[in-house]
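Report on the structure given below.
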Amino acid sequence: MIAEYNSIELFAGAGGLALGLEMAGFTTMALVEKDEYCCQTLRVNKKKYFPIAKIFETPIEDITPEEVLKKLKLSKEDIVLIAGGPPCQGFSIAKTSKGGRHLDDPRNNMFFQFAKFLEYIKPRSFLMENVPGITNMEKGFVLRRVLETFEGLGYKLRWKILNSADYGVPQLRRRFFIIGYSDNGPITFPQPTHSPYKTNLLGLPPYRTIGETFAELTPDMPNQEMPRHTEAKIKRLAKIKPGSAWQSWRFRDTLDVPSRTITGHCRDDWVHPTEDRGGTVRELAALQSFPHDFIFKGPIMAMNFVKFQFQYRQVGNAVPVLLAKALGETIITRLRGRIVEVGSEIRSGSGKAT
Ligand SMILES: C[S@@+](CC[C@H](N)C(=O)[O-])C[C@H]1O[C@@H](n2cnc3c(N)ncnc32)[C@H](O)[C@@H]1O
């Protein structure tokens, strides 16, 4: 059976973005991801969380959108959304002989791989995620090229940096998003559902905290293996007061606030508020708003220079599930032909790159 709001997820990672979009009402038909451990994670959670999806374990440059559709037995019109976060290290800018600049070889550039799928399938909508720093990479040149490329494919778009805590994620993680549609209707971003202030005019609940989130966890949940540290490291961690940082990169929050950003290095840079240790994969996944029974596979930990996606990295690289869900709800409401919320652009930095 072909569902109505089918999506394709590129650079799927552990599936944070795809899961939020599923929760919003999209049906993930394909998850494209090259890392074997991310794919193990996607497979073990597939039955419950991505029941229809086919997992394509392949570098995206080795597969065409045509092949994906053929394997799915779908036509272009069956897909209404393409989503994904192309890794931004792919953006390499070269100077031309005439003094201008261009993005390096498109085949090596993951952004162009994303564009390749859009160009062929031409879904009614797309969602692209990235780090906030993309807005000033190469003095805005990268973002301009990205926006121009999408516009050249016929999309109307807006971009915005969102704070995950505004959507019920217990984390102050800011992420950049572009939403694009193939038609001329309104383009809005989701309204915050939570507020930094306990008392606020809209009557929103306050930001979720680390303490509230951890109160839901039990030791028998998956991925709760305690991180092991040397005695020397435990002593170093003990010296970091809750609410402070060590050498500007290792952070320890208090329980009554949302967490600072969970990074790909969260096994090293995140310290438990009340115990002298790092977080478990489960704890950090909960701060990324993954459901508590979502399982992470692959090596738990590895050195930061390795290329593969170990569990802590899978968690740190993900789009928080509830943030993805809020974005998905806005997009699906719009695709269903309803006008979405008013006033969502108040804090927006959206529009064209300057
Ligand atoms: C930032 S993570 C994606 C996180 C994901 N959106 C989530 O919410 O969980 C980027 C992913 O792109 C994958 N990736 C990088 N280069 C790729 C390529 N050439 N083909 C397919 N996947 C690739 C990486 O393995 C990584 O898992």
(request) Just the number, please: carbon plus sulfur as a percent of the accessible area of region 210-316, 1.4 Å probe, no ligands or DNA/RNA counted. (result) 58
(message) Can you find, among ALA324, LEU42, VAL271, the residue sitting farthest towards the positive end of the charge dipole of the chain, where Lys and Arg contribute +1 and Asp and Glu -1 at Cβ?
(response) VAL271
(request) May I ask you to order 235-242, 52-59, 123-130 by the average number of other C-beta atoms within 10 Å around their residues, highest value first? (result) 123-130, 52-59, 235-242
(message) Checking the cross-link filter: which lysines have an alpha carbon closer than 22 Å to that of LYS307, excluding same-chain neighbours under 8 positions apart?
(response) LYS34, LYS297
(request) Specify the inter-centroid distance of region 5-72 and region 230-253, based on alpha-carbon positions, in whole Å. (result) 37
(message) Less than 14 Å Cβ to Cβ from ASP293, Lys/Arg counted +1 and Asp/Glu -1: what total charge do the surrounding residues give?
(response) +3
(message) Given the DSSP H assignment, sum -39500 (n - 2.57) over each helix run of at least 4 residues in the chain and divide by its residue total; what's the result at 222 nm in deg cm²/dmol, nearest 500?
(response) -8000 deg cm²/dmol
(message) How big is the dipole moment of the chain about its Cα centre under a simple scheme where the beta carbon of each Lys and Arg is +1, that of each Asp and Glu is -1, and everything else is neutral? Debye, nearest 20, please.
(response) 680
(request) Report TRP246's accessible area, 1.4 Å probe, all protein chains in place, as a number in Å² to the nearest 10. (result) 80
(message) Could you work out the relative contact order of region 210-316? I mean the mean sequence separation of Cα pairs under 8 Å and 6+ apart, divided by the number of residues, in percent.
(response) 30
(message) Of all beta bridges DSSP finds with both residues in the chain, what is the antiparallel percent, to the nearest 5?
(response) 50
(message) Can you compute 3J(HN,Hα) from phi for each residue in region 189-194, using the Karplus curve 6.51 cos²θ - 1.76 cosθ + 1.60 with θ = phi - 60°, rounded to whole Hz and x for Gly and Pro?
(response) 10, x, 6, x, 9, 9
(message) Students often forget the sequence filter, so: which lysines lie under 24 Å Cα-Cα from LYS241 once same-chain residues fewer than 8 apart are removed?
(response) LYS233
(request) Would you mind calculating the relative contact order of the chain from Cα pairs under 8 angstrom and at least 6 residues apart, reporting the percent as a whole number? (result) 21
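Hey, can you find the accessible area per residue of the chain for me, probe 1.4 Å, expressed in square angstrom?
Values: 16280 Å² over 354 residues.
The answer is 46 Å² per residue.
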(request) Hey, could you get me the Stokes-Einstein D for region 1-75, Kirkwood radius over alpha-carbon pairs, 25 °C and 0.890 mPa s, rounded to whole µm² s⁻¹? (result) 200
(request) Specify whether the C-alpha gyration tensor of region 210-316 places it in the rounded, prolate or oblate class, a ≥ b ≥ c being the square roots of the eigenvalues: rounded for a/c under 1.5, otherwise prolate if a/b is larger than b/c and oblate if not. (result) oblate
(request) Rounding to the nearest 20 debye, state how big the charge dipole of region 195-316 is about its Cα centre with +1 on each Lys and Arg Cβ and -1 on each Asp and Glu Cβ. (result) 520
(request) Compute the long axis of helix 110-121 from its Cα atoms, compare it with the longest principal axis of the Cα atoms of the chain, and write down the angle in degrees, 0 to 90, nearest 10. (result) 50
(request) Please compute the net charge surrounding GLY20, taking Lys and Arg as +1 and Asp and Glu as -1 over other residues with Cβ under 11 Å from its Cβ. (result) -3
(message) Explain nothing, just compute: Karplus ³J(HN,Hα) = 6.51 cos²θ - 1.76 cosθ + 1.60, θ = phi - 60°, for every residue of region 223-239 in order, whole Hz, x for Gly and Pro.
(response) 6, 9, 4, 5, x, 9, 10, 6, 4, 4, 5, 4, 5, 5, 4, 4, 7
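The values are calculated or read from the model by the stated rules, or taken from the named source; none is laboratory data. Remember, predicted model here, so these are calculated numbers, not experimental data. Here the Cβ is made from the backbone with ideal geometry for all residues, glycine too, and neighbour counts use every protein chain on show. Heavy atoms of the whole protein, side chains included, go into the accessibility calculation; ligands, DNA and RNA do not. Shrake-Rupley method; radii C 1.70, N 1.55, O 1.52, S 1.80 Å.
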